[in-house]
Amino acid sequence: MNTIGHALRFTILGSSHGWGVGCVLDGVPPGIALDVAKDIQPDMDRRRPGQSLLTTQRREADRVEVLGGLTDGHTDGNPLALVVRNEDQQGKAYDAARWLPRPGHSDFPAYVKYRGQNDYRGGGAFSGRMTAAMVMAGSVGKVLLRPHGVEVRAHTVQVGEVRVERELAWEELPRAEQSLVRCAEPEAARRMEERVEQARRAQDSVGGIVEGRAQGCPVGWGEPFFGSVEAELARLLFSIPAVKGVDFGAGFRASAMNGSEHNDPFEARGGRIVTSTNHAGGILGGLTTGMPVVARVAFKPASSIAQPQRTVDLRTLEPATLEVRGRHDPCIVPRAVPVVEACLAFTLADLMLLAGRGAA
């Protein structure tokens, strides 16, 4: 399935080493002012490869092109189609490994599912390259949310065993862009950079955690049970390649807490009802509470590493050794920060449009 969403629908297309990557957004209201250079390109620049030695050295400009849905700088009610071209693909680097599935990657199940006809170059449609489309869709979501006072930010809170040990204030989060790992706490950022460099030099990789927050959501977006805010967000967040865990608020830590500790007390402040803590992550009963929506997203280490790994030759079923060549991220977490932001923004924009239709 390549389409997600309800009132706002996002279809993803392209592949890692094909012509490019794109998205088609259906349900974008007409008359929305949209400046690609200001509203979409900055997020794409944050996600693009080749930003430092801590990321893949693939060089892509990722300049967004509009194929339709925009007239005179405003959405025109037709599907909004956005693409970026692949300009630095090196598909031949994967020829030698066509029959040697990479441990930890989608190569083997994709080979079986598509009867050997899968695009094996860089993982094809299973590649992290596809997150370029997610960022384009999420940037449009941010534009839709902006007039309603909803803002989304994300930052790195853990790389390997190095983590941020305190909860950062909303105002501190923009500082993440000053760090190569997009961590807003300077000392933790320094140690995270050292940890990624250690993995790079060892021809290895390392994982981590990105925290996403949304401020300004009103009370009551979402639906109980199958349309809960957690379910809708998790569905898209788990679609990011390499994501292995998602939690909200206190998340898995809640399992070790007492109810008296986890429950967020209500209080009136400035004429509105708020909670004094936010262990629920801004969501109760599947509905937004008006408090910040907080999600944490765990990324596994990138599977493409240059160290020798054991695999099997799909042609002979004999044991084989694989050394992955090409250009790969020793840690995908820094480039995943704008992707997590995008997933929150797109999903919340969809929920906002649903609420406007009376579905929430």
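Placing a pseudo-label 7 Å from each Cα along the Cα-to-Cβ vector at HIS6 and ARG190 gives an inter-label distance of 4.7 nm.
For the residues LEU317, LEU236, LEU284, a GNM of the chain with alpha-carbon springs under 10 Å puts the largest fluctuation on LEU317. Taking other Cβ atoms within 10 Å as a rough exposure proxy, ARG310, ARG325 sort from fewest to most as ARG310, ARG325.
For the pair ARG315 and GLU172, the difference between a 0.36 nm per residue extended length and the Cα-Cα distance amounts to 46.1 nm. Ranking PRO292, GLN198, ILE4 by Cα position along the charge dipole of segment 3-356, where only Lys, Arg, Asp and Glu carry charges on their C-beta atoms, puts GLN198 farthest toward the positive end. Return the single residue from THR347, THR321, THR75 with maximal mean-square fluctuation; model: Gaussian network over the chain, springs between Cα atoms under 10 Å. Answer for the Gaussian network model of the chain: THR321. Comparing HIS105, HIS328, HIS17, which has the greatest mean-square fluctuation in the GNM of the chain with Cα pairs linked when under 10 Å apart? Top of the fluctuation ranking is HIS105.
For the chain, the Cα gyration tensor yields ellipsoid semi-axes of 34, 25, 19 Å (square root of five times each eigenvalue, largest first, whole Å). By the helix-only formula, in which each DSSP H run with n ≥ 4 contributes -39500 (n - 2.57) and the sum is divided by residues, the chain has a 222 nm mean residue ellipticity of -7000 deg cm²/dmol. Candidate cross-link partners of LYS38 among the aspartates and glutamates, defined by an alpha-carbon separation under 20 Å and a same-chain spacing of 8 or more, comprise GLU60, ASP62, GLU65, ASP72, ASP76, GLU151, GLU177, GLU341. For LEU67, LEU100, the sequence from fewest to most other C-beta atoms within 10 Å is LEU67, LEU100.
Taken together, the values in this text are just the output of simple stated rules run on the coordinates, not laboratory data. Remember, predicted model here, so these are calculated numbers, not experimental data. Note that each Cβ is placed from the backbone with ideal geometry, even for glycine, and that neighbours are counted across all protein chains shown.
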